[in-house]
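Have a look at the structure below before the remarks.
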Amino acid sequence: MIDKIPYLLNIKKLETYIEKYSVNFRNNKPFSHVIIDDFLEEEHINFLSDNFPSKNHQIWLDWKKRSPNQYGKLGPGNSEKFHLLNEHLQLALIEFNSSKFISFLEKMTSIERLIPDPYFTGGGFHQILKGGFLDVHTDFNYYKRLNLFRRINVLIYINEKWLPEYNGELELWSGNKQTGRCELKIEPIKNRCVIFNTNKSSFHGHPSEWNAPDEITRRSLALYYYTSEKEDGQHYDELTDFQNIITKQLPKT
């Protein structure tokens with residue numbers, strides 16, 4: 001007999017979120033978003049936490065060669081090295097590309113025919129080291145590899161412990177550096193999910209430097225979803241538009 005698989009999504013639980021939050025998603029400011037606490041089953045989030053790749057894992061790109069706007073940010077870049085993760089963790093990632101999760105997102109956001117990214121370009125597990133940050137920005141929203149248009153970001157936080165002095169809150173801004181300001185700060189607490197529209201007006205980031213002890217990193221799972229058609233009135237490109245709210249010179253390698 002097979003034991004219960006800890007990383008399968010609970011459809012009934014997802015359906016309760018649709019009833020509770022879908023109207024809020026459309027109306028929330030500064031752009032459409034929703035914050036859902038206790039998002040995954042306890043055993044599911046614990047599985048992701050227990051198996052989260054360490055900061056020295058081979059999956060990560062070398063952050064020191066990347067961008068002064070995302071100092072100390074570890075990411076895989078895409079799924080090319082996912083085979084280095086344990087098999088169950090690979091399956092756990094694929095679960096978020098399943099039809100049941102796509103259906104949940106479509107109902108939550110009222111965006112039809114969402115398409116997941118099998119390559120996890122720019123997404124997957126993210127980890128911020130002490131002193132690291134992610135400058136306020138808008139994301140690339142044209143995906144040339146698949147000729148798709150990015151519409152939704154999903155962030156799931158996997159931090160076992162978060163204290164206010166650690167900083168690292170996700171900030172949602174009402175505009176760019178010249179015209180906008182931070183309208184909302186979201187604490188990156190364990191099992192909190194943030195779902196939001198992605199376009200050239202959805203400025204976000206965590207410009208406050210991560211200030212936890214060295215052994216405690218800021219951990220999250222980032223998932224992106226697309227459509228084959230553009231949203232009316234939106235500009236699309238392959239650029240991440242950093243606002244230079246904060247930068248830091250990269251170490252010499």
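Restricting attention to segment 70-90 and to residues that are of a type in the set (D, E, K, R) and part of a helix (DSSP H, G or I), the residue that is surrounded by the fewest Cβ atoms within 10 Å (Cβ to Cβ) turns out to be Glu87. Being out of contact with any strand residue (DSSP E or B) (no Cβ under 6 Å at 6 or more places or on another chain) and either free of Cβ contacts under 8 Å to residues at least 40 places away in the same chain or charged (D, E, K, R) (or both), is that true of even one residue in segment 134-143? Within segment 134-143, one or more residues are out of contact with any strand residue (DSSP E or B) (no Cβ under 6 Å at 6 or more places or on another chain) and either free of Cβ contacts under 8 Å to residues at least 40 places away in the same chain or charged (D, E, K, R) (or both). Taking the criterion of being surrounded by fewer than 19 Cβ atoms within 10 Å (Cβ to Cβ) and either among the polar types (S, T, N, Q) or part of a loop (DSSP other than H, G, I, E, B) (or both), the residues of segment 91-113 that qualify are Asn97, Ser98, Ser99, Ser103, Ser110, Ile111, Glu112, Arg113.
Considering the conditions (1) of a type in the set (Gly, Ala, Ser); (2) crowded, with 18+ Cβ neighbours inside 10 Å; (3) on the phi > 0 side of the Ramachandran plot; (4) in contact (Cβ under 8 Å) with a residue 60 or more places away in the chain, Gly123 is excluded by exactly one of them, (3). Filtering segment 177-207 to residues that are of a type in the set (S, T, N, Q) and buried (at least 16 other Cβ atoms within 10 Å of the Cβ) leaves Asn191, Asn197, Thr198, Asn199, Ser201, Ser202.
Since every read-out is calculated from the coordinates, none of them should be taken as a lab result. Every value quoted in this text rests on a predicted model; they were computed, and no experiment measured them. When we count neighbours, we look across all protein chains shown, and the Cβ atoms used for this are built from the backbone with ideal geometry, even at glycine.
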